[in-house]
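Undergrad: Here you go, one structure.
The values are calculated or read from the model by the stated rules, or taken from the named source; none is laboratory data. The model shown is predicted, which means the values in this text are computed figures rather than measured ones. Because the Cβ atoms are built from the backbone with ideal geometry, glycine has one as well, and the counts that use them run over all protein chains shown.
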């Protein structure tokens with residue numbers, strides 16, 4: 001007899017034993033690693049990396065269909081099974097609220113009414129920094145229209161609170177600029193957001209390697225979302241596995257509660273019974 | 001008559017439906033979403049929605065992204 005729940009290469013461990021699930025807008029996920037589907041070499045590598053990461057939520061972009069070319073190109077939504085993954089359409093590339101709202105409505109139609117979206121309204125092409133004024137406007141419209149909005153934002157605790165008040169179901173501050181791989185540049189503001197939020201907080205953008213994902217989780221983030229860190233690694237599958245383990249490790253350390261820090265040493269071995277001459 | 005299709009000029013015969021347009025592009029059965037003049041046209045309405053001259057049609061699909 002084989003245990004269908006036993007971890008395998010294609011069904012890896014995704015959570016700290018006994019941990020509660022990540023809950024976003026009533027949907028439960030065991031994995032706290034969410035991944036993007038961009039920048040991979042091909043569809044096979046995309047699928048393998050995502051399987052290896054153990055992610056259950058995968059983001060995608062909505063773009064104009066190429067007319068008259070690449071008609072036989074495999075469709076992302078045919079390659080990744082909707083039974084296995086929760087799709088998270090992303091408004092990446094939108095620079096104003098109007099385009100972002102249109103994109104979400106197209107995505108909802110594309111996914112037969114699925115209403116969970118990642119809202120991302122950008123400010124300029126060099127920084128891809130979020131345009132907060134347009135983000136707030138789009139969030140209001142989308143929440144009013146029945147969308148569950150996971151929102152990409154700056155690491156500003158006041159903006160995070162405003163987005164939560166509007167009704168966003170997850171706050172997703174950047175660790176650093178999208179695609180920069182600079183990690184978490186301001187852990188203190190991130191901690192402020194985490195302490196105050198009543199909805200899940202996920203670091204979205206900037207993570208470059210496994211220790212940075214673990215650090216995000218140690219700070220108390222509910223999850224992390226990444227794309228480039230895996231897709232642009234020299235070996236994406238190895239990095240996908242490293243990130244899976246890092247998110248579990250960081251979460252475990254957060255739940256365990258780290259030891260207090262001290263400025264002077266304290267020996268681990270007892271002083272009594274020492275053989276001294 | 002002329003419409004705008006994904007930002008480009010495109011000529012269709014009068015009374016063409018969204019479904020017929022999708023089929024003429026070889027996209028029937030593919031997972032896509034259609035917007036007409038910035039309003040979603042639900043899949044269930046593709047066969048009954050006729051195009052008018054000057055309509056701005058967007059046909060989109062899912063691609064890899066973060």
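Undergrad: Go through (1) exposed (fewer than 14 other Cβ atoms within 10 Å of the Cβ); (2) at pLDDT below 85; (3) within 14 Å of chain B (Cβ to nearest Cβ) and name the single condition residue A:42 misses.
TA: Single failed check for residue A:42: (2).
Undergrad: Limited to the stretch B:29-40, what total is found for residues that are within 20 Å of residue A:77 (Cα to Cα) and either part of a loop (DSSP other than H, G, I, E, B) or free of Cβ contacts under 8 Å to residues at least 24 places away in the same chain (or both)? So that I can check it myself, show each step before the final result.
TA: Of the stretch B:29-40, the ones within 20 Å of residue A:77 (Cα to Cα) are B:29-35, B:40.
Pick out the ones that are also either part of a loop (DSSP other than H, G, I, E, B) or free of Cβ contacts under 8 Å to residues at least 24 places away in the same chain (or both) and you get B:29-32, B:40.
Looking only at that region, the number is 5.
Undergrad: A further question follows. Restricting to the stretch B:1-16, name every residue that is away from every other protein chain (no Cβ under 14 Å), within 12 Å of the chain's Cα centre (by Cα) and within 15 Å of residue B:58 (Cα to Cα). Spell out the reasoning first.
TA: At the first step, the residues of the stretch B:1-16 found to be away from every other protein chain (no Cβ under 14 Å) are B:1-2, B:13-16.
From the residues that got through so far, the ones that are within 12 Å of the chain's Cα centre (by Cα) too are B:16.
Listed by number, the list is empty, since nothing qualifies.
Undergrad: Oh, and also: Which is at pLDDT below 95, surrounded by 15 or more Cβ atoms within 10 Å (Cβ to Cβ) and either more than 10 Å from chain B (Cβ to nearest Cβ) or part of a loop (DSSP other than H, G, I, E, B) (or both), of A:77, A:67? Give the derivation first.
TA: Values: A:77 fails: either more than 10 Å from chain B (Cβ to nearest Cβ) or part of a loop (DSSP other than H, G, I, E, B) (or both).
Residue meeting the stated conditions: A:67.
Undergrad: Within the stretch A:121-139, track down each residue that is in contact (Cβ under 8 Å) with a residue 40 or more places away in the chain and under 22 Å from residue A:181 (Cα atoms). Full working, then the answer.
TA: Step one: of the stretch A:121-139, the residues in contact (Cβ under 8 Å) with a residue 40 or more places away in the chain are A:127-130, A:137-138.
Listed by number, the residues that qualify are A:127, A:128, A:129, A:130.
Undergrad: Given the criterion more than 11 Å from chain A (Cβ to nearest Cβ) and not in a loop (DSSP other than H, G, I, E, B), identify the matching residue among B:53, B:19, B:47. Steps first, please.
TA: Working: B:53 fails: not in a loop (DSSP other than H, G, I, E, B); B:47 fails: not in a loop (DSSP other than H, G, I, E, B).
Of B:53, B:19, B:47, the one residue that is more than 11 Å from chain A (Cβ to nearest Cβ) and not in a loop (DSSP other than H, G, I, E, B) is B:19.
Undergrad: State all residues of the stretch A:215-230 that are within 19 Å of residue A:47 (Cβ to Cβ) and assigned to a strand (DSSP E or B); if no residue qualifies, say none.
TA: Kept after step one, since they are within 19 Å of residue A:47 (Cβ to Cβ), are these residues of the stretch A:215-230: A:225-230.
Correct list: A:225, A:226.
Undergrad: Next question, about the same structure. Any chance the stretch A:85-102 includes a residue that's within 12 Å of another protein chain (Cβ to nearest Cβ) and at pLDDT below 90?
TA: Within the stretch A:85-102 (the criterion being within 12 Å of another protein chain (Cβ to nearest Cβ) and at pLDDT below 90), the answer is no, since none of the residues qualifies.
Undergrad: Take the residues in the stretch A:216-227 that are more than 13 Å from residue A:34 (Cβ to Cβ) and in contact with a strand residue (DSSP E or B) (Cβ under 9 Å, 6 or more places away or on another chain); name whichever of them is nearest to the other protein chains (Cβ to nearest Cβ).
TA: Let us first name the residues in the stretch A:216-227 that are more than 13 Å from residue A:34 (Cβ to Cβ), namely A:218-220.
Still in the running and in contact with a strand residue (DSSP E or B) (Cβ under 9 Å, 6 or more places away or on another chain): A:219-220.
Details: A:219: 21, A:220: 23 Å.
The qualifying residue nearest to the other protein chains (Cβ to nearest Cβ) is A:219.
Undergrad: Can I ask one more? Go through A:233, A:265 for me and flag whichever is part of a loop (DSSP other than H, G, I, E, B), surrounded by 15 or more Cβ atoms within 10 Å (Cβ to Cβ) and either in contact (Cβ under 8 Å) with a residue 24 or more places away in the chain or out of contact with any strand residue (DSSP E or B) (no Cβ under 8 Å at 6 or more places or on another chain) (or both).
TA: On the way: A:265 fails: surrounded by 15 or more Cβ atoms within 10 Å (Cβ to Cβ).
When all the criteria are applied, what remains is A:233.
Undergrad: Let me spell it out: the conditions are (1) touching a strand residue (DSSP E or B) at 6+ places or on another chain (Cβ under 9 Å); (2) not in a strand (DSSP E or B), and residue B:59 meets all of them except one. Which number is the exception?
TA: For residue B:59, the failing item is (2).
Undergrad: Looking at the stretch A:19-39, which of its residues are assigned to a strand (DSSP E or B) and within 14 Å of chain B (Cβ to nearest Cβ)? It would help to see each step written out before you state the result.
TA: First, the residues of the stretch A:19-39 that are assigned to a strand (DSSP E or B): A:22-24, A:27-29, A:33-35.
The answer is A:33, A:34, A:35.
Undergrad: Further question: Give just the number: which of (1) in contact (Cβ under 8 Å) with a residue 24 or more places away in the chain; (2) within 9 Å of another protein chain (Cβ to nearest Cβ); (3) surrounded by fewer than 17 Cβ atoms within 10 Å (Cβ to Cβ) does residue A:106 not satisfy?
TA: (3)
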